[in-house]
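Below you'll find the structure, written out as structure tokens, and then a few comments.
Any read-out appearing in this document is the output of simple, stated calculations on the displayed coordinates, not a laboratory observation. Keep in mind the model is a prediction, meaning the values are calculated, not measured. Glycine also receives a Cβ, built like all others from the backbone with ideal geometry; neighbour counts cover every protein chain displayed.
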Amino acid sequence: MKPAHCAVCDTLRWRTVVQQVERNEAKAGAVVGLWPKPDTIFASYATPTGFTSPIAFCPGHAPALGDSAPAGLTSGGEPIATGPCVQLSIAKTRHAVCFTDEHGAFLRAHLADQIGLAESERDAVMAQWANDRSDAPRVTSGGRR
């Protein structure tokens, strides 16, 4: 299982860019996750001590509440989940902060200053962000609008 990928089919479930410049700890050429694709489903499964951190799935492979974890869902060779799916959330709700006006302003600056994208590339990323957020819940620091 790879972070930011569907736990079943391994498709990337986050929007990403390639780091263009060396900045702080970031290395040029590294893939940087920006926000989850809005239709990504996150599932948590029961464990002997509680439940797993949310695990990403594409819509076609998302479990239903009560379903067992997919075969091969392991970390270091050990099963991650031993019980049923106990919680489901969709990315556009779970990560609603990624789709706020405030995050959009941060993202545009981050793409320029930290990632080093050219203006035309920033514009393309921001167009994708605007499209992804078009049907996402709108949240501000004061709550839903």
> Excluding same-chain residues fewer than 8 positions from residue 2, which aspartates and glutamates have a Cα within less than 14 Å of its Cα?
Replying inline: 10
> What aspartates and glutamates could a cross-link reach from residue 92, if we take a straight Cα to Cα line under 13 Å and drop same-chain neighbours fewer than 8 places away?
Replying inline: 39, 132, 135
> Simple spin-label model, 7 Å along Cα-to-Cβ: residue 24 to residue 51 in nm?
Replying inline: 3.2
>> Out of the trypsin sites (Lys or Arg not before Pro) in segment 1-72, which ones are loop residues according to DSSP with at most 14 other C-beta atoms within 10 Å?
In response: 27
> Ranked by Cβ crowding within 10 angstrom, fewest neighbours first, how are 44, 68 ordered?
Replying inline: 68, 44
> Which angle from 0 to 90°, rounded to the nearest 10, does the C-alpha axis of helix 119-133 make with the longest principal axis of the chain?
Replying inline: 40
>> Through the Karplus equation 6.51 cos²θ - 1.76 cosθ + 1.60, θ set to phi - 60°, convert the phi angles of segment 8-19 into ³J(HN,Hα) values in whole Hz; use x for Gly and Pro.
In response: 9, 9, 6, 6, 5, 10, 10, 6, 9, 9, 9, 4
> What is the spin-label model distance, in nm, from residue 65 to residue 39 if the labels are put 7 Å beyond Cα along the C-beta direction?
Replying inline: 2.4
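Mind checking the full-extension length gain between residue 113 and residue 126? Use 0.36 nm per residue of separation minus the Cα-Cα distance, one decimal, nm.
Extending this stretch completely gives an extra 3.2 nm.
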> Considering only DSSP states other than H, G, I, E and B, which GluC sites (Glu not before Pro) in segment 1-107 qualify as loop sites with at most 15 other Cβ atoms within 10 Å?
Replying inline: 22, 25
> In a GNM of the chain with a 10 Å cut-off on Cα contacts, which of 11, 49, 74 has the highest mean-square fluctuation?
Replying inline: 49
> Does anyone have the angle between helix 101-110 and the longest principal axis of the chain? Alpha-carbon axes, 0 to 90°, nearest 10?
Replying inline: 70
